[in-house]
Each structure stands twice: as C-alpha cells, then as structure tokens.
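One structure is given below, encoded as structure tokens.
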Amino acid sequence: MSPPQITRPAPEYPKTRFHPLIVLKSPEFLIFDHWGNFEYFDERVKEEEPSQPKSLPQLLFEARIALAETALEKQNLDAFKIAVALLEANVRALPNDCLSVREKWKLVKSIQRDGVIEAFEPHTVATLKREIAPLMMWIDTRSKEDALQFDLLIARLQEARLNGAAQADDYADTVAEQAAQLPIRLKPVAEKLDAINRAKDPGFHAKASTGDLDTLRSELRGIMKYCEKGGGGAVEPLFLDVAEEAAGYKTGEHKVKMQGMDLLAYRNRVESVLRELFEASDVLQKIKSGQPVAEDEIKSLVTDVLVRDPDLNLDDLLKHYPNKSESLALAIRQVIGMNAKAVDEHFKTFVRKYPSLNANQIRFLEMLKGHLARYGVVELDQLWDSPFTSIHTAGIDGVFTEEQQIDDLLELLNQLNQPAA
C-alpha cells in the first residue's frame, strides 16, 4: 500500500484587491511580486526600493557644490566666488509656481537671502545637498539640455583641475571633441570661432584657470545645441523606393494636434522663448498691444524663434491655436496675452455708455479684462460657461439684463478678437 500523498493547497488570489507591488533584487534578476506570494508563504525577503534617477539640473547643482568645496579646500578664492555665484543663480531659478518648491518655500527663501550661500556654513552646505538639490529637477530644461550638459562637463573639469586629478585630461579631451563637432557654417557658431579654437587648443587647457573655463562655458553653452553628434561608422537608414505614379499619392509632415498636458507643455515652451525675445522685439510688443503687424514682421519673428530653438516653428501655432482668420499674430497673442492697459482702453467706451453698471456687472467686466490680458482672446461661447458662470449661472445673460448691453459687449469682444495683422 503506497503512503498517502500530502499536497499544499494553492493560494487563493484576491479577485478584487491587488497587493502592493513588491520589488525584490536578486544577483541574477529582479522579481516583481504583484500578487503577494512572498507574503502568503511567509517568506522573509528584503525589498528593493526603486531609486529615482537624478535630473540633469540636480547633477549640475551638486557638481557646483563640489567645486565650491574643493575651491575652499585649495584656498582658491576666485574659483570659490565663481561656484557660489552659479549656485545662487541656480537657487533663484527655482520656479515659484511649482508645488514641490512651494512646500519648502520658507527654506528656499532663507537660502536665497544675500550672503547665505557665500558664507558657505556647514549647515548651509548640508541644506543645499539634502533639500535644495532635489528641487532642481523642477527647473524647466526644455531646449536647454545641451547647454546644461556642457555646464556639467565644465564644472567637473574645473573641480578635477583644482584637485589635480588625472580625470581632468579626459574632461578636457571631451570639451575639445565637442567643440570640433560644432558646424562653423552656421552663423551663431561662426561668431564664436575664437572660443571654439580655444576649446580645441591643448595649450589653453594646460594652463586654464577656473575663471578661464567658466568664460569658455559662457561663450559656448548657447551653441552646443548645434553640435553634430555621432561619428563615422553609423548605419545608414534603409530607404525603400516604391515605384508609384506621382499623381496617385501625396507626401507631407503630419502635425498631431496636442491636448491636455502636452498642449500645456508646448504652450509653456513657446511662452518661454517669446518672453526671452519680448524686450527686444517690436513685433511682439505690437501684438501684445493689439496693434497691426505686417507679414514680413511675422516672418522675421518666426526666424528669431528658430534661432533660439531650432525645433520650435511658430507656424505650427495655428494647428494648436486655430482662429477663423488663420492669423499667426492672433495665435501668438493667445499665448502671450494682451497688454492690460490696451484692454482697459477698449472697455472705457462701454463703461462710459453705461455709467450705472451694478457691482456684478463690473465684476464680470473685470473678469473679461483679466481673461483677455492672460489669453489674448475670449471665445464668445465661453461667456455662458465657466468661469463666467461664477457670478451668475446663466453667464452673461444673467449678469446683463438689457439686450443692447449684451449686443454692445459682444461687438466689443468681436473687435478684440480680430487678428493683430
């Protein structure tokens, strides 16, 4: 008679509740225990916490802290002042509207006070490393990655030179290689030819001080985006030439219309570039004031933006911010908004015509002005929707009871919604 077989019942997995994901690290592989098998069988294993990779701005910030520490150790005052100035600039660049930054706002403001970083007290250094450095991930790096990578390379080269580390020669060679890949046929690159030649010169690197390297960094960081990456030996992409009648097909680039967070990120990117150009651009100032602009002025602005960000073509704005007039100037105004004084001037005629407006009507007009100042236009359909229903659920019809007032206000908004060109 054979002995009875003893079997262990299979675990009953939950049908409606998921166990938290457990990540286990083995010398050979990772185990993702979605269903909690280790917990069920009472296996005691060490869980692995997935690590968050450091952002490029954080790596740069930490490299500059290391440079400042090394400069103090070597009693190099010039190098220390350079590192401190860069650290202060990084801290002041933290976005005020970021929730993670706002949560530590009191600490950030205390670090931003004049002289705090320059004093470089031990508790300040600890705060910079532990609390401020991780916040650097929230700095906007769009279209600046190449410049920041070059900043990081120079910071590491500067510290290695102060330490007398052998790795300094490797960093210097990398600087020279990147400089050699800059295409001097481009005007912005050709203008920096002297700095490029210094970057490639071994004699310069042999005796360059921290200040010399920082000057080189300032001169070249803005053109590193033009660097022709990749060398010989790359596999050419395969192209299949399919014979077909030319009249039977069309070719072109399909632009996907962005929505949600993608559209918001795109808007922020456009707005950031236009903000940098605004003070020196008469065209942008005209658009923001609602003044007419000529077509050649718009073309010039498109070119200026491409110089700042080669991957950002303002002509694409009409895809994401369309208008009936197909006016690029009006699409730009939807991003940069309208000058508040110009908006106010347009509403003065309406207010003079109806001097007996009540408090809710005045609040409604102020809401309209604020919307125009921020978004450049007000779609008429919005007047019966949020946020214009916050004063009365019927929107404009509930706030203004006279038909003529509504007609005049709609006419005013139609005029403001006209293209600026």
Of the residues Ala394, Ala359, which is surrounded by fewer than 18 Cβ atoms within 10 Å (Cβ to Cβ), hydrophobic (A, V, I, L, M, F, W, C) and modelled with pLDDT of 90 or more?
-> Ala359
Go through Gly370, Gly395 for me and flag whichever is on the phi > 0 side of the Ramachandran plot and not aliphatic (A, V, I, L, M).
-> Gly395
Only residues that are touching a Ser or Thr at 6+ places or on another chain (Cβ under 6 Å) and either hydroxyl-bearing (Ser, Thr, Tyr) or farther than 24 Å from Glu297 by Cβ (or both): list them for the stretch 372-421, please.
-> Gly395
Could you tell me which numbered condition Asp146 fails, if it satisfies all but one of (1) more than 26 Å from Val175 (Cβ to Cβ); (2) touching a residue at least 60 places away in the same chain (Cβ under 8 Å)?
-> (1)
Would you check if there is a residue in the stretch 115-122 being under 27 Å from the mean Cα position of the chain (by Cα), within 30 Å of Arg102 (Cα to Cα) and either surrounded by 14 or more Cβ atoms within 10 Å (Cβ to Cβ) or assigned by TED's automatic domain parsing to the domain that holds Leu99 (or both)?
-> yes
The one condition in (1) among the polar types (S, T, N, Q); (2) farther than 30 Å from Val302 by Cα; (3) in the same structural domain as Pro292 (by TED's automatic domain parsing) that Gln361 fails to fulfil = (3)
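Every residue, every condition in (1) at pLDDT below 90; (2) part of a loop (DSSP other than H, G, I, E, B); (3) touching a Gly at 6+ places or on another chain (Cβ under 9 Å); (4) not assigned by TED's automatic domain parsing to the domain that holds Tyr321, yes or no:
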| position | (1), (2), (3), (4) |
| --- | --- |
| Leu372 | yes, no, yes, yes |
| Val378 | yes, yes, no, yes |
| Leu383 | yes, no, yes, yes |
| Pro387 | yes, yes, no, yes |
| Thr401 | yes, yes, no, yes |
| Ile406 | yes, no, no, yes |
| Glu411 | yes, no, no, yes |
| Ala421 | yes, yes, no, yes |
Taking the stretch 183-231 and keeping only residues that are of a type in the set (A, V, I, L, M, F, W, C) and surrounded by 15 or more Cβ atoms within 10 Å (Cβ to Cβ), one is left with Val189, Ala195, Ile196, Ala199, Phe204, Ala208, Leu213, Leu216, Leu220, Ile223, Met224, Cys227
Could you list, in sequence order, all residues of the stretch 266-282 that are of a type outside the set (Gly, Ala, Ser), more than 19 Å from Ala93 (Cα to Cα) and surrounded by 16 or more Cβ atoms within 10 Å (Cβ to Cβ)?
-> Tyr266, Arg267
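The values are calculated or read from the model by the stated rules, or taken from the named source; none is laboratory data. Every value quoted in this text rests on a predicted model; they were computed, and no experiment measured them. In this analysis, Cβ positions are derived from the backbone assuming ideal geometry, glycine residues included, and neighbour counts consider all displayed protein chains.
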